[in-house]
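As structure tokens, the structure follows; a few thoughts come after it.
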Amino acid sequence: EDHFTNGCEGADNSEIRFKLCQDLWHKIRADTEVLQDELNRKILDSLLDFTRKCSSTRQHSDWASQMRASEIPTAALVLGVNVPDHDMTFQSLSELLQQSVTPHVASVQAKECGALKHLMKRVLERLMDTVVTVDDEEEEETEQTSTQLHKSVHCSLSTLCDWYNAKTMKSKTGTPGKKRSSPVRDDPQQPPVVIIFKDLEAFNPKVLQDFILICSRYVERLPLMFIFGIATSPSTIQHMLPHSVSSLLCIELFQSLSCTQHLATVIDKLILTPQFPFKLNGKVMQVLMSIFLYHDFSVRNFIKGVQLALLEHFHSQPLSVLCCKKKEALLNVMQLSHHDLESIRHLLSFRRYVEKQEPQEQLNLFRDDTHLKEVCQKLIKDLRKYHKNYYPVLRCLHTLTSSLPRYPLGKQVRELHLICLEKNVWENEDYQTAMKLLKMLAKDELIASLQRCVEILQPVKSKKMKKALVELEELLAKFKQLDINSSWANITLAPRSHLSPPESQTLNEVCYYSSSATVRRHLNATPRTSIQAALSSPYYYLQNESLKTEDGTVSNAAPDICIAYKLHLECGRLINLYDWLEAYATVVSAAEGNNPDSDNVRKVEEVKHARFIQAVSELEFLGFIKSTKQKTDHVARLTWGGC
Amino acid sequence: MTHFTHIKMCDLHIYSYPSIFIYGHRASGKSHVMHVLLKELELPHATVSCVECVSVALLFEQVLLSFFGCDAASLLPRSPSLSDFVRIYRQQCSQSPAKQTRYIVMEKAELLRDTDANLLPALLRLQELVEDNVTIILLSEIVWDKFRPNTGCFEPLLLHFPDYSKGELQQILSQDRHPSYTAEFYSSYINILLGVFYSVCRDLRELRHLAALNFSKFCEPLAEGKVKETDTHKLWRNIEPHLKKAMQTVYLREVSSLQWEQMQQMEEKESGALRGLSAHTHVELPYYSKFLLIAAYLASYNPARTDKRFFLKVDRFNFTPKNLLNHLLGPKPFPLDRLLAIFYSVVDNRVAPTASIFSQISSLVTLQLLTQVSHDDQLDAPKYKCAVSMDFICAISRTVNFDIVKYLYDFL
């Protein structure tokens, strides 16, 4: 909170804003979590069924399943390449498994299992909840920090077997009989032991093969089960495991929802709804979408981006205090300070609004604070109404256009949304073609999509929509009577009144976050560019007047590293260190005002030499050059291009 | 099994041969024979699987455990050496001297080659080291010649387990018959099964697996009362196409056994819907990742000197005769900056060199679509290789409207 208040624009209402921001974020997060749970439910349920079925078939003793008993049941869960999202899926998967199927679930990641013994160790640790010793490990790792209960045990699956038998015996008989017993065949309550490999691709194939071989030796005594998390395609299993190993598995495939569908649902529920007062403008939306589509496919990162935008909005926009529920907003309007009202008067959209008013009204708006507050209340109500109407109409338009050939207005609602955010959609060329195509559509198709529009509009409560709905129903009736031509105007008019871009709405700045550059800078960082900017124009970061230059050249007074960088840009792939030093010394001594012709130029001072070496090693550290063995006294450039 | 008579012939006072090496293909009965023999004759023995022994300590522990009980095993220090093992063994063995030869059976002995260099030679003459009547039996699928260390070692007694012949397979497979059918019926089924599969697979385990999976189908006409048990010809007509299909799917593990069973329960016409594992090769990737992968593929299969020709907008002349197709040689490593250079010229619009571009490269590595050739620790100028197939990259480039064949040196 302190961070938020500090350096925040308009500090007086920062606390309210912080609270609003937090509430909103909590709500968004809760909603997305519910949403994602729902989306994952189907696949998780089928996985749970699979585990249940596997554990139950084990206990069947008919001939066929006995013949098959040596196979380890394996679920190959194909999750897509959006790796950052997987964690949550696996988290809820293992929770669900623990709740409903078996208490014995261990999930492992590739990076913690470099060698077979580490994999073993992790699996055993997670299943048995004890400290496991791997013999030639360092002392501190196996140090017995925990209580005596956690007896350190040897790292082998037979230990696990004993433990498992003890555990199931105990739960069955109720006595802590920890004896070495042969497996209890007739025990109906044998929960399977599930091992989840979160990222199959990253595992060392050799380790995995050995582990599976070992496990298959124990599968008769221990009801093991694997879940492979696969990011690419199921054929990786065949690439990783030879036939002799994969024949030990009984693999079943589970395909999760694709991430684009996932995102579409999230956008649908999160962005395209009047429920949340906070909105993103077209550019920010574009940035977030392009990060998703071009870079990572990660829904989690998308939501993180929304979070960032939310925080930034409340942080930088003092009027964001009005960005909340209707009642609160109206209340907050009354509590606005004079300063805030001034900033409202400076808003672009408000000025546009004022210009349209009568001169007397204009004067009032500028002079009278209480009058302004009343107007603001009205405007906020208008904005809310606009949102209420916007989304249903957007969806209607989408249903009408999404079935058109070649998708002039995009396949997804979000594309249409972006178009609408940018400018008046009816001025768009694609919109015209879409309308033309719509006129050519077969009658029954048109009626079907109009029917769907009616369904969308039905639950909407606002007055205008009610009216539109009635009109639409009339239209539908007319269509059914083959009377097409007369009613075209209606369809095309509906979007005009409701789909105008939000920028045209007064006070849109309250709800819309528009700084796409900030989002881009924060989410899609360009470290290389900023380093280069720092090196080639140090003034940008240091703000030192003496460093200011006109045409992109580096002044002589710039830091050593900048000079060295500048000089190195003039070289080819290999740089002669001595030449570089000479050039550097010339530049620096010129900066100190020495006469370049005097004696001490030839003999480079020790201090300068040291400074040069430091600059060069800093450049090496930043990855611009590296030492090379191709030529003595030379370094190799790692970047290309130059002046 | 007659090979083994000499083992039990061993006299109490004369030590048996210190080490025996048994080799034969997978599922030729090595472990089974050893196991049954040692069990039946009630000989003291320890069976260790070398895969399981992630460290030698586990190996030592298991041996001591099965010979002298857990007390002896607990005497082993943490991270024991071979001499620790020998010391404890001798100590224990003087307390309880052997009445009979003790046997240590090591399965999958080929893995011993990867352990410490002195372990295998020492085990081969363990008898001398511990001065006890102990015999090491190594079981392996690899011939002894591949084991022999450079420094030379004690030569064990070599035994070969030949593959089973068709008749033997028939006999063995007929053993595990279904309890509710007669032995003749089952053996005729096995006969048919072998007729189909013997030409492609002689692995007993696989055959047994297949036999179990397809038996219910075989019995189907019987259950419906269409055919009598003795009418082998009709039964054969019924099962043969089915087995052929099994050869393409289950045998290759395209379809798991569970799914196969479900498929059998379904109607014939529907079963085509189930696709095998390798049918799912489509991978959805972010836009720039696709281009990065394309660039990596080009960098891997085009010689670096031809880059200029492809990516500078100049006329393409100066064809050098190519002597070898690069695609036959496999992917070549390329440095990161070459990848990026090609990437920027391949992508149509301007892309900022953002951190996420770089992180996409490393996530491609984790997805095993690229492989890092240089060591992980080497931060400057890392080298990569492209690890995807021609078909895969063609499919990817089709989705982004990029004609990759035009840019490949081999197909010019």
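The values are calculated or read from the model by the stated rules, or taken from the named source; none is laboratory data. Because the structure is a prediction, the values reported are computed rather than measured. Note that each Cβ is placed from the backbone with ideal geometry, even for glycine, and that neighbours are counted across all protein chains shown.
From the set of residues in region B:322-344 that are at pLDDT 85 or above and in contact with a helix residue (DSSP H, G or I) (Cβ under 6 Å, 6 or more places away or on another chain), which is nearest to B:V388 (Cα to Cα)?
Result: B:P331.
Considering (1) under 26 Å from A:I212 (Cα atoms); (2) of a type in the set (F, W, Y); (3) more than 11 Å from chain A (Cβ to nearest Cβ), say which one B:F60 fails and leave the rest.
The one condition B:F60 does not meet is (3).
Can you find even one residue in region A:575-598 that is modelled with pLDDT of 75 or more and part of a loop (DSSP other than H, G, I, E, B)?
For region A:575-598, residues modelled with pLDDT of 75 or more and part of a loop (DSSP other than H, G, I, E, B): absent.
Going by the conditions given, is A:M225 within 10 Å of another protein chain (Cβ to nearest Cβ), in contact with a Pro (Cβ under 7 Å, 6 or more places away or on another chain) and either more than 26 Å from A:L160 (Cα to Cα) or of a type in the set (A, V, I, L, M) (or both)?
no
Return a yes/no flag: does region B:379-399 have any residue that is over 24 Å from A:I230 (Cβ atoms), in contact with a strand residue (DSSP E or B) (Cβ under 7 Å, 6 or more places away or on another chain) and either buried (at least 16 other Cβ atoms within 10 Å of the Cβ) or more than 9 Å from every other protein chain (Cβ to nearest Cβ) (or both).
yes
Just to confirm my filter: which helices (runs of 4 or more DSSP H) fall fully inside region A:232-302 and include at least 1 residues that are in contact (Cβ under 8 Å) with a residue 40 or more places away in the chain and crowded, with 22+ Cβ neighbours inside 10 Å?
Of the helices (runs of 4 or more DSSP H) lying wholly inside region A:232-302, those with at least 1 residues that are in contact (Cβ under 8 Å) with a residue 40 or more places away in the chain and crowded, with 22+ Cβ neighbours inside 10 Å span A:235-240, A:259-270, A:282-290.
Given the residues B:R148, B:R113, B:R87, which is the only one that is without any contact (Cβ under 8 Å) to a residue 40 or more places away in the chain, under 30 Å from B:S28 (Cα atoms), of a type outside the set (S, T, Y) and assigned to a helix (DSSP H, G or I)?
Answer to the check: B:R113.
Name the residue that is nearest to the other protein chains (Cβ to nearest Cβ), counting only residues in region A:84-96 that are in contact with an Asp or Glu (Cβ under 9 Å, 6 or more places away or on another chain) and surrounded by fewer than 21 Cβ atoms within 10 Å (Cβ to Cβ).
A:P84
Can you tell me which residue is surrounded by the fewest Cβ atoms within 10 Å (Cβ to Cβ) among those in region B:358-378 that are of a type outside the set (V, I, T) and more than 10 Å from chain A (Cβ to nearest Cβ)?
The selected residue is B:D377.
Can B:L252 be described as at pLDDT below 85 and either exposed (fewer than 15 other Cβ atoms within 10 Å of the Cβ) or not in a loop (DSSP other than H, G, I, E, B) (or both)?
In short, no.
Of the conditions (1) under 25 Å from A:P103 (Cβ atoms); (2) touching a strand residue (DSSP E or B) at 6+ places or on another chain (Cβ under 6 Å); (3) within 12 Å of chain B (Cβ to nearest Cβ); (4) not basic (K, R), A:F211 fails just one. Which one is it?
With respect to (1) under 25 Å from A:P103 (Cβ atoms); (2) touching a strand residue (DSSP E or B) at 6+ places or on another chain (Cβ under 6 Å); (3) within 12 Å of chain B (Cβ to nearest Cβ); (4) not basic (K, R), A:F211 is out only on (2).
Condition first: under 30 Å from B:Y287 (Cβ atoms) and at pLDDT 80 or above. Can you find one or more residues in region A:212-220 that meet it?
No.
Between a residue in region A:197-216 that is in a helix (DSSP H, G or I) and any residue that is of a type in the set (D, E), which pairs come within a Cβ distance under 7 Å, given they are 6 or more apart or on different chains?
Short answer, once both residue conditions are applied: A:I214/B:E52.
Given the residues B:G225, B:G195, which is the only one that is farther than 30 Å from B:G24 by Cα and more than 14 Å from chain A (Cβ to nearest Cβ)?
After ruling out the rest, the residue left standing is B:G225.
Can you tell me which residue in region B:183-192 is nearest to B:K166 (Cα to Cα), limited to those that are of a type in the set (S, T, Y) and within 14 Å of chain A (Cβ to nearest Cβ)?
My answer is B:Y189.
Among the residues of region B:364-373 satisfying the criterion of being at pLDDT 85 or above and of a type in the set (S, T, N, Q), which is farthest from the chain's Cα centre (by Cα)?
It comes out as B:Q372.
Across region B:75-84, what is the total count of residues that are assigned to a helix (DSSP H, G or I) and of a type in the set (S, T, N, Q)?
Summing the residues that are assigned to a helix (DSSP H, G or I) and of a type in the set (S, T, N, Q) in region B:75-84 gives 1.
Condition (residue is within 12 Å of chain B (Cβ to nearest Cβ), β-branched (V, I, T) and farther than 30 Å from A:T74 by Cβ) applied to region A:290-300: is it met by at least one residue?
yes
For region B:220-233, what are the residues that are without any contact (Cβ under 8 Å) to a residue 40 or more places away in the chain and either touching a strand residue (DSSP E or B) at 6+ places or on another chain (Cβ under 7 Å) or surrounded by 13 or more Cβ atoms within 10 Å (Cβ to Cβ) (or both)?
Result: B:E220, B:P221, B:L222, B:V227, B:D231.
Among (1) loosely packed, with under 13 Cβ neighbours inside 10 Å; (2) not in a loop (DSSP other than H, G, I, E, B), which single condition is B:P179 missing?
(2)
Can you work out which of the residues in region A:148-173 that are hydrophobic (A, V, I, L, M, F, W, C) and either modelled with pLDDT of 70 or more or part of a helix (DSSP H, G or I) (or both) is nearest to A:L119 (Cα to Cα)?
Only one residue fits best here, namely A:L157.
Consider B:L158 carefully, then state whether it is within 13 Å of chain A (Cβ to nearest Cβ), within 29 Å of A:H243 (Cβ to Cβ) and touching a residue at least 60 places away in the same chain (Cβ under 8 Å).
Against the criterion (within 13 Å of chain A (Cβ to nearest Cβ), within 29 Å of A:H243 (Cβ to Cβ) and touching a residue at least 60 places away in the same chain (Cβ under 8 Å)), B:L158 does not qualify.
Determine if region B:347-357 includes at least one residue that is aliphatic (A, V, I, L, M) and more than 11 Å from every other protein chain (Cβ to nearest Cβ).
Among the residues of region B:347-357, not one is aliphatic (A, V, I, L, M) and more than 11 Å from every other protein chain (Cβ to nearest Cβ), which makes the answer no.
Name the pairs: first residue in region A:304-327 and over 20 Å from A:R384 (Cα atoms), second residue surrounded by 19 or more Cβ atoms within 10 Å (Cβ to Cβ) and among the hydroxyl-bearing types (S, T, Y), Cβ to Cβ under 7 Å, at least 6 apart or on different chains?
That search, which allows pairs on different chains as well, returns A:A309/A:Y513; A:E312/A:Y513.
Out of the residues in region A:511-532 that are of a type in the set (A, V, I, L, M) and within 10 Å of another protein chain (Cβ to nearest Cβ), state the one that is nearest to A:H313 (Cα to Cα).
A:L523
Looking only at residues that are of a type in the set (A, V, I, L, M) and crowded, with 19+ Cβ neighbours inside 10 Å in region B:66-75, which one is nearest to the other protein chains (Cβ to nearest Cβ)?
Restricting to residues being of a type in the set (A, V, I, L, M) and crowded, with 19+ Cβ neighbours inside 10 Å, the top hit is B:A73.
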